[in-house]
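Here is the structure we will look at.
The values are calculated or read from the model by the stated rules, or taken from the named source; none is laboratory data. Remember, predicted model here, so these are calculated numbers, not experimental data. Cβ sites come from the backbone with ideal geometry, for glycine too, and all protein chains shown count toward neighbours.
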Amino acid sequence: MPVTAAPANTTGHVTRHRVEPLGRRILTVVRCEDVTPRYRRIVLSGPGLDGFSFVRFACTDHVKVVLPDPSSGEVALPVPTPQGPRLPDGSRPVMRDYTVRAWDAHAGELTLDFVIHEHGPAGRWAAQATAGDRIGVLGPRGHVLLPQGYPTYLAVGDATALPAVARVVEELPDGARATAIIEVANADEEQPLTARDGVEVIWVHQAPGALDAAVRAWTPPDGTDWFAVAAGEAGAMTAVRRYLRHEVGLPKQQVAADGYWKRGVAGLDHHAVTVGDD
């Protein structure tokens, strides 16, 4: 898969790189695939993807999806101004962040995965999407590069973080090993991942405390020469981070945890969520 050239991150911790200017484009649905009963893969294309910024092993990078108006089907993108991006007068489109699942530079195709549920506008749109539909995509605003110098990686997530976890196991540095612990609703929601030798995938079926228990049941490597990535519901990720930091003893800079959503909170801005107790 072709990617934007970027130096390997060998710092031992996460590094961040800002992308300017912010990409703004209206894309067209090329095809849809129902990966599982509740998981839909949507492939997008369009001339606005020329030069799309994608970096290998920046597995949590995301774009902002701008949903079309449900009545008119029109997509209102923010307009650049000296004061920053502004929406056209009278426009209040629904926008949500989605991890980049894949980018094919040769075909000019961007792949996003959606969890299908009736409560969220993005999931409802994805459930009904067909080839030819249009959607806005902004970004990515920047890249969060995971360090590439560790022999072992742990990736933990729920269904909302499956694209990021899948990219960790698919884009591992040469010679590295990984364990992915993924919580999904049930056995029907387990999906095939492209995992090479040295990768273990553990599926956890949704239940109170199930993900935390699975992480605690995993035997970490001796010492602290490894890196952990965790993403999903904010409360669950706080518990995972606390365990890895204070019970396992993994250094702060070797745990990258992100709260994608928070139980009981609709339309959460995950940038405003703090995961951890350091």
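Quick notes on this one:
- Only one entry in Glu33, Glu20 is of a type outside the set (S, T, N, Q), loosely packed, with under 15 Cβ neighbours inside 10 Å and either assigned by TED's automatic domain parsing to the domain that holds Gly232 or in contact with a strand residue (DSSP E or B) (Cβ under 7 Å, 6 or more places away or on another chain) (or both), namely Glu33.
- Region 10-53: number of residues that are more than 19 Å from the chain's Cα centre (by Cα) and closer than 26 Å to Asp158 by Cα: 4
- When the criteria are applied in full, Arg86 fails the requirement of being surrounded by 15 or more Cβ atoms within 10 Å (Cβ to Cβ), without any contact (Cβ under 8 Å) to a residue 40 or more places away in the chain and either within 18 Å of Val63 (Cβ to Cβ) or not aliphatic (A, V, I, L, M) (or both).
- Any hit, region 51-66, residues being touching an Asp or Glu at 6+ places or on another chain (Cβ under 9 Å) and closer than 16 Å to Pro121 by Cβ: yes
- Considering (1) more than 30 Å from Pro208 (Cβ to Cβ); (2) without any contact (Cβ under 8 Å) to a residue 60 or more places away in the chain; (3) of a type outside the set (S, T, N, Q), the lone condition that Pro140 does not fulfil carries the number (2).
- Test result for Gly132, assigned to a loop (DSSP other than H, G, I, E, B) and either closer than 14 Å to Thr60 by Cα or at pLDDT 95 or above (or both): yes
- Looking at region 145-239, the strands (runs of 3 or more DSSP E) lying wholly inside it that each contain 1 or more residues that are in contact (Cβ under 8 Å) with a residue 40 or more places away in the chain, among the hydroxyl-bearing types (Ser, Thr, Tyr) and within 21 Å of Arg16 (Cβ to Cβ) sit at 152-158.
- The strands (runs of 3 or more DSSP E) found entirely in region 1-111 that carry 1 or more residues being at pLDDT below 90 are 15-18.
- Filter result for the condition that a residue is modelled with pLDDT of 95 or more and closer than 18 Å to Arg263 by Cβ, over Leu211, Leu250: Leu211
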